[in-house]
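Notes follow the structure.
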Amino acid sequence: MMADIRADVVVVGLGAAGSATACHLARRGIPIVGIDQFAPPHGRGSTHSESRIIRKAYAEGKQYVPLLARAYWLWESLEKETGQQLITRCGCLVIGRADSARVAGTIESARAAGIETAVMTPREVHASFPAYRLKSHEIGVFEHDAGAIDPERAVAAHLAQARALGARLLMHERMLSWHAGPHSVTVRGETCRIEADRMVLAAGAWVGDALGAMRPPVRIERVVNAWFPTSGSSFSPTRCPTFIWDDDGTNLYGFPDFGHGLKAGLHHEGTLVEHPSQLDRKIGAADIGVLYEKLLGLFPEGLAVSRDASTCMYTNTPDLHYLIDHLPGTGRRVVVQSACSGHGFKASAAVGEVVADLVLGREPRINVDPFRWRWS
Ligand SMILES: Cc1cc2nc3c(=O)[nH]c(=O)nc-3n(C[C@H](O)[C@H](O)[C@H](O)COP(=O)(O)OP(=O)(O)OC[C@H]3O[C@@H](n4cnc5c(N)ncnc54)[C@H](O)[C@@H]3O)c2cc1C
């Protein structure tokens, strides 16, 4: 039998984006219902596999810096509220040629926003972080306050807080269709019909399904992360920061050994598909081989071939920036909170707060105009 549910706001998708928004709406005492086709945190979307880099000196654009500063504050509050550690402050090392967009952009962002960083020669990097061997023409920019955040734990914490504050969260409930009328939004799920004043669509890689003809021009990118066994203590979080390595245009990122090996992945080098169902989730020897070979260029000693790997999805806009906006033509009743173009986790706590304001018709505390709908 179809259950009829009434709420002020319905949040569709409870991954990184939707769990944060649900939590912020619940904090304000708003009656909300959240639904997800799976049971986040899960391994089928974009928010799994143990770690995400969190940093503030952002080469991707200065429009992100206020969101990131606020996100740090919110993640720390969530840590205090739940008594759980979400962030490991092992620092982040951005590596590459001094004039590369990644390195120069990081230095510029740190300078403009007063973020503590140290520019290091290859010798200095090796002296401080012995596992790393930079090439002679490279430098490292070390951001002290950066590190790794646990995505599964963070999503679970947001959902637990939302529930504790009264949110009704329905797992394994897929949205089949929705309709925005002049006075309300109706969502039809597999077992329920939800009538709400407003809706947040945080469907991640499934944003195309959720929006149908209004689909933004996103592509889904296949990303493989693999864990490489380490030997010695130089890969431990106290001696090995997270890293982003711009190796003459190819970006490799990774994490210290949190117990399962050093994790690494390539950024924006994966195959693109139109829909998550087209994604090849099988991992072949070539996936691991490419990563291992690249890693040896940065860590010539102490790494063994991977024993574990997972596939994940980026949801990329054409300009690789976020999309956060009211959906055109819905009378400001619907906010779209996807896509994040492969770099959305770190800011998700702050984006959730902004989206809670947007959907309630309030002025958000951070300007997200740069992330508005920008396609006709
Ligand atoms: C390998 C990898 C590494 C990354 N590294 C970093 C990093 O270091 N730092 C960083 O900041 N970011 C990083 N990112 C990006 C970041 O993880 C993502 O931007 C973020 O997790 C996306 O969250 P989301 O909520 O949009 O998607 P998801 O977490 O996938 O959530 C979308 C949810 O919507 C649900 N859903 C979809 N359709 C429906 C429907 N019809 N009905 C009900 N539910 C529905 C899905 O089941 C899913 O749970 C990385 C991403 C990947 C894949």
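The values are calculated or read from the model by the stated rules, or taken from the named source; none is laboratory data. From a predicted model like this one, the values you see are computed outputs, not experimental measurements. Every residue, glycine as well, gets a Cβ built from its backbone with ideal geometry; the counts of neighbours run over all protein chains shown. SASA here: full protein model, heavy atoms, side chains in, ligands and nucleic acids out. Shrake-Rupley method; radii C 1.70, N 1.55, O 1.52, S 1.80 Å.
Listed by position, the strands (runs of 3 or more DSSP E) contained in region 211-256 that have at least 3 residues being farther than 24 Å from residue 43 by Cα are 242-247. Looking across 270, 329, one residue alone is in a loop (DSSP other than H, G, I, E, B) and modelled with pLDDT under 95. It is 329. Here 202, 210, 156 are screened, and the one residue that is over 19 Å from the mean Cα position of the chain (by Cα), under 30 Å from residue 266 (Cβ atoms) and not basic (Lys, Arg) is 210. The set of residues in region 1-27 being of a type in the set (D, E, K, R) and more than 24 Å from residue 149 (Cβ to Cβ) consists of 4, 6, 8.
Restrict the check to region 349-364 and report whether at least one residue is modelled with pLDDT under 95 and closer than 18 Å to residue 22 by Cβ. Looking for residues that are modelled with pLDDT under 95 and closer than 18 Å to residue 22 by Cβ, one finds none in region 349-364, hence no. Can you find, within region 293-308, the residue that is most open to solvent (accessible area, probe 1.4 Å) among those that are over 8 Å from residue 229 (Cβ atoms) and outside any loop (DSSP other than H, G, I, E, B)? So the residue we want is 293. All of 221, 152, 195, 173 fail the test of being of a type outside the set (Lys, Arg), within 11 Å of the ligand (Cβ to nearest atom) and open to solvent by 30 Å² or more (accessible area, probe 1.4 Å), apart from 152. Take residue 197 and decide whether it is acidic (Asp, Glu), assigned by TED's automatic domain parsing to the domain that holds residue 41 and under 13 Å from residue 37 (Cβ atoms). Against the criterion (acidic (Asp, Glu), assigned by TED's automatic domain parsing to the domain that holds residue 41 and under 13 Å from residue 37 (Cβ atoms)), residue 197 does not qualify.
Taking the criterion of being small (Gly, Ala, Ser) and in a helix (DSSP H, G or I), the residues of region 334-376 that qualify are 348, 349, 350, 352, 356.
Residues of region 14-47 that are within 23 Å of residue 346 (Cβ to Cβ) and in contact with an Asp or Glu (Cβ under 6 Å, 6 or more places away or on another chain): 14, 24, 41.
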